[in-house]
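Here's the structure, in structure tokens; my notes come after.
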Amino acid sequence: QSKDLGRNRWIFYSPEMSEQLVQRREMERALSLAVIRDELRLFYQPRYSLHSGRMDGAEALLRWQPSPPALVMPDNFIPLAEETGLIIPISDWVLQRACHDALGWPKPFYVSVNISPVEFCRGDLAERVATILRLTGLPAERLELEITENVTLEKPDKVLLIMQQLKALGVRLTVDDFGSGYASLGYLKTFPFDGLKMDRSYLKDFPHSQQAHSIVNGIIGLGKAFSLVITAEGIENAEQFAELQAIACDEGQGYYLGRPMPAADFARLLESAASQQGNETGQPG
Ligand code: C2E
Ligand code: MG
Ligand code: MG
Ligand code: MG
């Protein structure tokens, strides 16, 4: 679409459109300087084991702060980064920072990082991850990569090969936003995923609606049939948390358990959780 726009620009020329293009070019330029200007920030959102009721890791979520206090959310700049190829240096920064931060967390805690499908188009994702693990010293089993299911739609042979290389490193691979893309279920058998994160839209009417309950139960059963660790995304209240525990969902994440927070806040949360250990109930709140 944007390619057509470029080729036929003179046909559709209008002042508004040229203004849009200028803005896009400006944003692209600013984003290309974001790493070097140290404007990227990682927020961490706690991830809980629903079996133990305890925090066991966090998802790294990227923000861009071109000038304080403005904080640009990923949905507003990741697509541009993907279209322009800037996603590669940005993602190198994310992986490096996330692995470095996770090294300071208590031992079994893991970090999960979102990987863009664009990164699979280039053949060197596994090499990039291997280099960053070596540079930071984070054990591979403490790194999880979240990948949306659409990655399996194009060039499946190439994607499968890269996933196998990543698995050989020892990192875990998880389907992100499961059930929101266009892939058919067959990919769960073909690709070496370890886990599945159910898209948060499935929790919208859960647990009160009988239909939502059946669907969530079905997804958990499906995931278990493929031997996947199931994470529920978007847990927003105590009823959802309790019911997901009752139906044996493995992991959970959501505003009820903890919002994405700056790295320093997350480190403090870990400290207070560690100092409470032994006499606490393990319940969130
Ligand atoms: P995602 O990977 O599915 O991340 C979960 C999103 O849901 C996050 O939005 C998080 O803040 C939000 N969320 C978490 N719990 C709840 C809840 O209980 N209720 C609701 N309504 N929302 C909740 P965020 O941080 O805006 O990120 C949006 C998307 O941007 C992410 O979706 C991911 O696809 C992408 N993204 C974020 N960081 C990166 C990154 O470093 N690299 C790449 N390639 N993509 C990233
Ligand atoms: Mg994710
Ligand atoms: Mg998700
Ligand atoms: Mg997403």
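Residues in segment 120-132 that are at pLDDT below 95 and not in a loop (DSSP other than H, G, I, E, B): 2 in all.
Looking across segment 174-209, the residues that are away from ligand 4 (no atom under 16 Å from the Cβ), surrounded by 18 or more Cβ atoms within 10 Å (Cβ to Cβ) and outside any loop (DSSP other than H, G, I, E, B) come down to 187, 188. Picking from residues in segment 86-114 that are part of a loop (DSSP other than H, G, I, E, B) and farther than 19 Å from residue 34 by Cα, the one that is nearest to ligand 3 (Cβ to nearest atom) is 109. The residue that is nearest to residue 244 (Cα to Cα), among those in segment 23-68 that are of a type outside the set (Gly, Ala, Ser), touching a residue at least 60 places away in the same chain (Cβ under 8 Å) and part of a loop (DSSP other than H, G, I, E, B), is 50. Among the numbered conditions (1) touching a residue at least 12 places away in the same chain (Cβ under 8 Å); (2) out of contact with any Asp or Glu (no Cβ under 8 Å at 6 or more places or on another chain); (3) among the polar types (S, T, N, Q), the only one that residue 184 does not meet is (1). Could you figure out which of (1) within 22 Å of residue 175 (Cβ to Cβ); (2) surrounded by fewer than 17 Cβ atoms within 10 Å (Cβ to Cβ); (3) away from ligand 1 (no atom under 11 Å from the Cβ) isn't true of residue 125? All conditions are met except number (2). For residue 164, the conditions (1) more than 16 Å from ligand 1 (Cβ to nearest atom); (2) buried (at least 21 other Cβ atoms within 10 Å of the Cβ) all hold with the exception of (2). Taking the numbered list (1) more than 16 Å from ligand 3 (Cβ to nearest atom); (2) at pLDDT 95 or above; (3) farther than 21 Å from residue 143 by Cα in turn, residue 202 passes all entries but (1).
Conditions tested, residue by residue: (1) within 16 Å of ligand 4 (Cβ to nearest atom); (2) within 16 Å of residue 27 (Cβ to Cβ).
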{"residue": "70", "(1), (2)": "no, yes"}
{"residue": "78", "(1), (2)": "yes, yes"}
{"residue": "86", "(1), (2)": "no, yes"}
{"residue": "91", "(1), (2)": "yes, no"}
{"residue": "94", "(1), (2)": "yes, no"}
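For segment 134-155, the criterion of being outside any helix (DSSP H, G or I), crowded, with 19+ Cβ neighbours inside 10 Å and more than 12 Å from ligand 1 (Cβ to nearest atom) is satisfied by at least one residue. When 212, 238, 248 are checked against the criterion of being surrounded by fewer than 13 Cβ atoms within 10 Å (Cβ to Cβ) and at pLDDT 95 or above, a single residue qualifies: 238. Looking at segment 83-104, which of its residues are over 20 Å from residue 127 (Cβ atoms) and either surrounded by fewer than 18 Cβ atoms within 10 Å (Cβ to Cβ) or modelled with pLDDT under 95 (or both)? Of everything in segment 83-104, those that are over 20 Å from residue 127 (Cβ atoms) and either surrounded by fewer than 18 Cβ atoms within 10 Å (Cβ to Cβ) or modelled with pLDDT under 95 (or both) turn out to be 83, 84, 103, 104. Of the residues 230, 219, 162, only one is part of a helix (DSSP H, G or I), in contact with a Leu (Cβ under 9 Å, 6 or more places away or on another chain), β-branched (Val, Ile, Thr) and within 15 Å of ligand 3 (Cβ to nearest atom); which? Of 230, 219, 162, the one residue that is part of a helix (DSSP H, G or I), in contact with a Leu (Cβ under 9 Å, 6 or more places away or on another chain), β-branched (Val, Ile, Thr) and within 15 Å of ligand 3 (Cβ to nearest atom) is 219. Exactly one residue among 147, 132 is within 16 Å of ligand 4 (Cβ to nearest atom), touching a residue at least 12 places away in the same chain (Cβ under 8 Å) and hydrophobic (A, V, I, L, M, F, W, C), and that residue is 147. The set of residues in segment 245-271 being in a helix (DSSP H, G or I) and either within 16 Å of ligand 2 (Cβ to nearest atom) or under 17 Å from residue 57 (Cβ atoms) (or both) consists of 263, 265, 266, 267, 268, 269, 270, 271.
The values are calculated or read from the model by the stated rules, or taken from the named source; none is laboratory data. Everything quoted here is computed from the prediction, not taken from an experiment. Neighbour counts are summed over all protein chains in view; Cβ atoms, including those assigned to glycine, are modelled from backbone coordinates with ideal geometry.
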